[in-house]
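**Student:** Take this structure first; my questions come after.
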Amino acid sequence: MPKLLPADLLERVRAELAAMSDGIAIENLSVRLASLVSRRSLQRRLADWVAAGHIRAEGSKKGRRYFLPV
């Protein structure tokens, strides 16, 4: 059975992004949220949220960083 993700996951991610003015890489974000979500699930959610405009991303591959929208 798949692990249920917290309903407030987006808010928790946005709180982490707000604390990091220069953005945050998925490596750091996944460590901070390890007790809530797996890295792969986080990657999927981040991609969905970027597409929906809830957060923004800059860079590619290992250099990709996530920010709050402007």
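**Student:** Please report the base-10 log of the normalised intensity I(q)/I(0) for the chain, using a Debye sum with one equal scatterer per alpha carbon and no solvent, at each q in 0.12, 0.13, 0.14, 0.21 (1/Å).
**Tutor:** Scattering profile of the chain, log10 relative to I(0): -0.27, -0.32, -0.37, -0.86.
**Student:** In degrees from 0 to 90, rounded to the nearest 10, what is the angle of the helix 9-19 Cα long axis to the longest principal axis of the chain?
**Tutor:** Approximately 40 degrees, to the nearest 10.
**Student:** Then there's this: Quick one: helix 39-52 against the long Cα principal axis of the chain, what's the angle to the nearest 10°, folded into 0 to 90?
**Tutor:** 50
**Student:** Report the gain in length on full extension from residue 43 to residue 68: 0.36 nm times residue separation, minus Cα-Cα distance, nm rounded to one decimal.
**Tutor:** Extending this stretch completely gives an extra 7.4 nm.
**Student:** Still on this structure, please answer the following. Take the solvent-accessible surface of the protein heavy atoms, probe 1.4 Å, and return the percent of it on the chain that carbon and sulfur atoms account for.
**Tutor:** About 53 percent, which is the carbon plus sulfur part of the accessible surface.
The values are calculated or read from the model by the stated rules, or taken from the named source; none is laboratory data. Since the structure is predicted, the reported quantities are computational estimates derived from the model, not experimental observations. Ligands, DNA and RNA are stripped out before the accessible areas are found, and what is left, the full protein with its side chains, is counted by its heavy atoms. Shrake-Rupley method; radii C 1.70, N 1.55, O 1.52, S 1.80 Å.
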